[in-house]
Amino acid sequence: MPAENINLCAIIPVYNHPDKLDYLVQRLSELNLSVIMVDDGSDSECCKILKRLEKENTNIKMQVHSVNLGKGAAIKTAINMAQKAGFSHALQIDADGQHDLNDIPHFIEAMKKHPDALIAGYPLYDETIPRQRYYGRYASHVWVWINTLSMSIKDSMCGFRIYPVLQSWQLINEGKLGNRMEYDIEFIVRWYWTGQPLIQMPTKVIYLEHGLSHFRLIIDNCLISWMHTRLFFGMLLRLPKLLTSKRQDL
């Protein structure tokens, strides 16, 4: 894809994370990025902020889910909106303020050099990450390595990435990906299976004091476990192809 045809937007799934929204919109506006926000059934306090931001900023497009459908469903909605609006790429950012927005220009530079690649962040944690979360992520890492027959995916759970919109929307439609916290993991595994290029970039991730997490310990772990089970049997079907694959991801 020629550089002149690249048209990037930012997508933000929002569910009751009102505190950082003004800051996110300001920083993205400074980078001249259009913003697609999906309100995934937020409460009245967060809705008021989202409506105000939409009214005050002409670069924001908003979609509302009347009930909470899950992070994955919100991202799917946003990528579909980006595709219909003619954007070639979409930068996914979580609404809770954990991502280092100073890394956006580095991600954009990588996108311009490799426009057909998924640009995926992998987190560099500081002392703010709870130990149980840090070690708990490795359960998913191991299953991702099994389901790709490779250790090349450094982190499957980071929600800071740039999608090539058309390829991603096609994968979403074909793969019937999960709608909740399992989405980020499942997408990158299925992307890997397609053989399309994957570029991984380090990015600082901060766990904010008194930060709000919507991860439901029992329900979401069950969904993630079921997702890994589906992927395992999908891996078995793709076993010959995966064994002979010679990828050159960065």
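Computed from Cα positions, the angle between helix 44-56 and the longest principal axis of the chain comes to roughly 80 degrees.
Given in Å, the Rg to one decimal and the Dmax to the nearest whole number for the Cα atoms of region 1-156 are 16.6, 48. Once the Cα atoms are used to define both axes, helix 71-84 deviates from the longest principal axis of the chain by about 80 degrees. In the full protein context, region 8-92 carries 44 Å² of accessible surface per residue, based on a 1.4 Å probe and ignoring ligands, DNA and RNA. Comparing mean-square fluctuations of Ile219, Ile12, Ile36 from a GNM of the chain with C-alpha springs under 10 Å, the top value falls on Ile219. Based on DSSP H segments of at least four residues, each scored -39500 (n - 2.57), the chain has a per-residue ellipticity at 222 nm of -14500 deg cm²/dmol.
Just Ser44, Ser152, Ser29 to compare: in a GNM of the chain, with alpha carbon springs under 10 Å, which one fluctuates most? Between Ser44, Ser152, Ser29, it is Ser44 that shows the largest mean-square fluctuation.
By its C-alpha gyration tensor, with a ≥ b ≥ c as the square roots of the eigenvalues, how is region 14-84 shaped: rounded for a/c under 1.5, else prolate for a/b larger than b/c, else oblate?
Oblate is the answer for region 14-84, as a/c is 1.5 or above yet b/c matches or exceeds a/b.
What a 1.4 Å probe finds exposed on the chain is 55% carbon and sulfur by accessible area, rounded to a whole percent. Here Glu56 and Leu166 are evaluated by their C-beta separation; at R0 = 51 Å the FRET efficiency comes out at 0.95.
Comparing mean-square fluctuations of Val205, Val142, Val64 from a GNM of the chain with C-alpha springs under 10 Å, the top value falls on Val142.
The values are calculated or read from the model by the stated rules, or taken from the named source; none is laboratory data. Just so it is clear, the model here is predicted, and its values are computed rather than measured. Heads up, the Cβs are rebuilt from the backbone with ideal geometry, glycines too, and the neighbour counts pull from every protein chain shown. Keep in mind that these areas ignore ligands, DNA and RNA; they rest on the heavy atoms of the full protein, side chains included. Shrake-Rupley method; radii C 1.70, N 1.55, O 1.52, S 1.80 Å.
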